[in-house]
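Here's the structure we're looking at; comments come further down.
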Amino acid sequence: MKLVVGLGNYGSQYAHTHHNMGFLVVECLASRLNVKFKTRECESLVAKAYVNGETVVLAQPQTYMNLSGVAVKQLLRKYKCDSKDLIVAYDDIDLPRYDIRVRQKGSAGTHNGMRNIIENIATEDFPRVRVGIGKPPLGMPLVDFVLCEVPKADREQMARTIEKAADEIEKLLCLT
């Protein structure tokens, strides 16, 4: 059993924002696995795939970003997963725009959603795929930056980066 959680904010107004990179990555993975997010459970939208005899649960917490840990804790409990079976995909302002970093464990850095997950599950010991969104333009408040739409001119590059992040998750899942 594997649990892949993409962080974001629910609602169409957030669909193409910097802060929804995690949602977009797990949506890409769901498309590749030919599954849809139809089920609501554990304060999340969930899609399930069966790959090489193993269940892979994809989840998009519906708690808003800063409370993502509440949903992740419930999902881990429901599916009887260990933290090492968890993979989290999320945006990161501390990485250059459209860079990807994969880590097996670590701190939350500046990301409040990750901080909430770590607080709720009481460990930093789980893999994560970080998608760089870069720093906000000078003078722009961070919250405005992460919640603004990615410019249309950047959407093609964003789509390529989302594909690469999904590739990294497939490697972690040993699907490739």
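Bear in mind these aren't lab numbers, they're just calculated from the coordinates by the rules spelled out. Since this is a predicted model, take the numbers as computed values, not measurements. Don't worry about glycine lacking a Cβ; one is built from the backbone with ideal geometry, like all the others, and counts go over all protein chains shown.
Overview of values
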quantity	calculated
Choice from Leu147, Leu75, Leu58 with maximal GNM fluctuation in the chain (Cα, 10 Å cutoff)	Leu147
Between helix 112-121 and the chain: long-axis angle, C-alpha atoms, 0 to 90°, nearest 10	20 degrees
Principal-axis tilt of helix 21-32 within the chain, Cα atoms, nearest 10 degrees	50 degrees
Computed over the chain: relative contact order in percent, which uses C-alpha pairs under 8 Å that are six or more apart	27 percent
Most mobile listed residue (Val129, Val88, Val150) in the chain, GNM with C-alpha springs under 10 Å	Val150
Estimated dipole of the chain in Debye, rounded to 20 [Cβ of Lys and Arg +1, of Asp and Glu -1, Cα centre]	340 debye
Calculated [θ] (222 nm, deg cm²/dmol) that DSSP helices of n ≥ 4 give over the chain, each run adding -39,500 (n - 2.57)	-9500 deg cm²/dmol
Listed residue pairs exceeding 18 Å between alpha carbons, taken from Lys84/Lys105; Lys73/Lys135; Lys84/Lys171; Lys105/Lys171; Lys2/Lys48	Lys73/Lys135
Long-range HN-HN contacts of Val5 with modeled amide H, under 5 Å	Ala59, Ile87, Val88, Ala89
Amide proton proximity set for Thr55, modelled H, under 5 Å, gap of 5+	Lys2
